[in-house]
Amino acid sequence: MRLEDLMERAAQYDENLARDIKDYVHGRKYGLVYEASKPEFVRMWKKPVVRGDIVNILPPRGVMEDTKNEDDPSEIVYKVIAISEGVATLRNEKTGETVTASVDDIVALARFDKPIYAGLKEIGRVERGGDKPYHVVINGENYHALQTLVYAYQGQVDCIYIDPPYNTGATDWKYNNNYVGKDDKYRHSKWLTFMEDRLRLAKKLLNPKDSVLIVTIDEKEYLRLGLLLEQLFPEARIQMVSTLTNSRGVARENGFARVDEYIYIVQFGDSSVSRLPLSDEWRVNIKEDKRVTHLRWSMLIRSGSHFLRSDSVNQFYPVFINNDGKSIHSVGEPYYGDNRNEIIPPKGTFAVWPLRKDGNEGNWQISNTNLRKLIASGFVMLGRLSKGTVPIYYLKKGEIAKVYNGTYKICGHRADGSIISETEVRSLVTGTQWRIGSHDASIGGTSLLKGIFGASPFTYPKSLYAVHDTLRFFVNDKPNALVIDFFGGSGTTLHAVNLLNAEDQGHRKCILVTNNEISEDEEISLTAQGLRPTDQKWDDLGIARYVTWPRTVCSIEGHDIKRKPLKGNYGCPIETYQGYDGYIVDPETGKKKRKKLFEKVKKPFYPELADHKMSDGFEENAIFFDLEYLEPSVVSADLAFDRIAPILWLAGGCKGEILQRQKGYVIGETYVLQVFSDLMRGLLGDYRIIMSSEQNNSGKPLDENGMKKVAESAVSSTITFVNGIKKRADYHFGEYIENHYLNTFVDLVKKDQNLQWLTDK
């Protein structure tokens, strides 16, 4: 008890000190033990600075910050105690000393252990998906964006896929606004603090009954990440996959070249890995499943009884095959003559007749008319060309029925036009070693970005197909899945979700969060030019605006950044060796010998996607938001409706139009309840804060009349809202709102002494 009393006394003196003492006393004694870093700050560059804000003083334009000098003004946290004529009076939060600085030279800070008011400002959109839900790209600090998403989607997310900073020691990620280098002795602790804060919010988003968290990492932090995941998600099932990322290898000083990385799979509730049609590359250490059944292809030539030509004269006709033996040209008419050789095949073809092995003329199992119909439907398949002929197979009625009822799902077509079912390429659950050529980042990542941007504007982009395949194991059977990636980077995850939707006409939705950071070299260059993150040129070079959103638009619309059609298709052509039957000449005898030969060819890794041209784009919708930081008083005064409405739209499923005050309350039923509850929350919660002598924008406490005006404004908004609903065609819903929620609203007001007077109106 004495210790608790001591911590309470410490809290009265210094809240941060009290928290540190508590963390030390209740610190972990086993498992992953590390020194938690100080609370993170994020700079709110575009937020107007007001009294009460905590801030940094920026160095003069053209001067870089000295991030290693704690006495540098840009590294010191100040509190704004007064603002007058563009000059702010600041108090050092450590020493208590006061200084002054121009408002233009200070930037407001948000500390992660303090609440913020988030808003969303629409920057752009692309619409090609009709009534499909919108994908969302949010430019902002992901911790605060996650808080916003928790408000909208707590416990509703099907899949979270993230590719966080790997903490390699290079200046590739920031903490507390500073790049973290390999010489930083606390870089592992900083990274763990950074990850833990965000993973705790991710846990709130995931559906505990059926969802998955997917995290990629390399050898630098995989051990610490594994322990962190075990501690944060004790209820989950966790596996680690080793996967190819660069077939050529990334050099490691005095060590082996790295060709792979790791994927942690964290599954919750009933989450399971789907059985998928997978190519041979996936069969590492996997036994063949003997229980798998296949489409049964029958020989077109009749066997058993009634197999002679004379038994069915109408079913003796030629099938003309193209000379390469890979496709059917046409089907001839029944032949009733005595010399079938008098039938001249079309140019570039040869005729296949129903001839038995003994040389006798037989008959086909179906008529030529029916055969043509089956060919058109993909139910006829050719065997291998041998000795001038090709065996022909077809699907009987029973097998065709299994295709139509979904027993055998079609996943592609052969060169001869015949269907390929999933069972024929073996639906299976793969092992934990993935050496898949298409997962090479240079093939499905860098090359793809070069096709869009002309050069790769992003370092080490993930392969599109690596993300596509990983997601497919968990959302293949969820056509309406919600996928979130809060380390959005170049936008690969959203691109992969669009590819999944294109395969099965799904309505999966992806939300990307990324910041607008620039590289360290760009930061040095732009700073030397006297620029800051508030300037447009700086903003335009950030990841979100320069890479993530342009890629999203270009891939959906099917063009590059110069609006020229994208080249290629999504089949992912890769170089491989293809075997064929051929001949070699024996140098001693000069005679030809039959032998299996191989040639280097480019073929689609995903033949089922080869018909999807990149220039076709995707039938999808997407919208781009900036995350903004709002003043509590502005929110409470109902002056930030245009920034709050997109958050309510998110909660409603990202469908339809975003509610705009100037257009009237024309909104969908999916989020109308959320809007209404927010209006009530504003009146009964945030307004109460103002009425408790909080200061308004002018810096003066609100008097009684001011309080009443604020409250009356909220009541008026509520009435306008209800009246707007009543004007809709579905009046019964408005009626429900009015009858159910207005009564609840009045009851709540009556219970609040500060607001009781409102019930008289």
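Every number here is computed from the coordinates shown, using simple stated rules; none is lab data. Predicted model only: the values in this text are computed from it and were never measured. Ideal geometry is used to build each Cβ from the backbone, glycine not excepted, and the neighbour counts take in all protein chains shown.
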Rounded to the nearest 20 debye, dipole of the stretch 298-425 from Cβ charges on Lys, Arg, Asp, Glu:
220 debye
Distance between the C-alpha centers of the stretch 209-238 and the stretch 617-635? Whole Å please.
29 Å
Tell me which of LEU395, GLY406, ASN363 sits at the most positive position along the dipole axis of the stretch 298-425, charges placed on C-beta atoms (Lys, Arg +1; Asp, Glu -1).
GLY406
Quick one: order HIS612, HIS495 by neighbouring beta-carbon count within 10 Å, fewest to most.
HIS612, HIS495
So which trypsin sites (Lys or Arg not before Pro) in the stretch 371-420 end up in coil per DSSP with only 11 or fewer other C-beta atoms within 10 Å?
ARG384, LYS387
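Assign one of three labels to the stretch 41-111, namely rounded, prolate or oblate, based on the Cα gyration tensor with a ≥ b ≥ c the square roots of its eigenvalues; rounded applies when a/c is under 1.5, prolate when it is not and a/b is larger than b/c, and oblate otherwise.
The shape class here is rounded.
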Using bins 5 angstrom wide from zero, how does P(r) for the stretch 217-288 break down, in % of all Cα pairs?
3, 12, 18, 19, 18, 16, 11, 3, 1
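Could you put TRP364, TRP538 in order, starting from the residue whose Cβ has the fewest other Cβ atoms within 10 Å?
Arranged by neighbour count, lowest to highest, TRP364, TRP538 become TRP538, TRP364.
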List the GluC sites (Glu not before Pro) within the stretch 149-240 that fall in a DSSP loop (any state other than H, G, I, E or B) and whose Cβ has at most 15 other Cβ atoms within 10 Å.
GLU219, GLU235
The stretch 375-448: percent of C-alpha pairs farther apart than 14 Å?
73 percent
With each label point set 7 Å from Cα along the Cα-Cβ vector, what nm distance links VAL99 and LYS396?
8.9 nm
Note down the Stokes-Einstein diffusion coefficient of the stretch 482-568 in µm²/s, whole number, using a Kirkwood radius over alpha carbon pairs, 25 °C, and 0.890 mPa s.
169 µm²/s
State the Cα centre-to-centre distance between the stretch 645-659 and the stretch 473-543 in whole Å.
20 Å
Principal axis extents for the stretch 298-425, Cα atoms only, whole Å, descending order, please.
45, 33, 25
Can you sort MET614, MET64 so the residue with the fewest Cβ neighbours within 10 Å comes first?
MET64, MET614
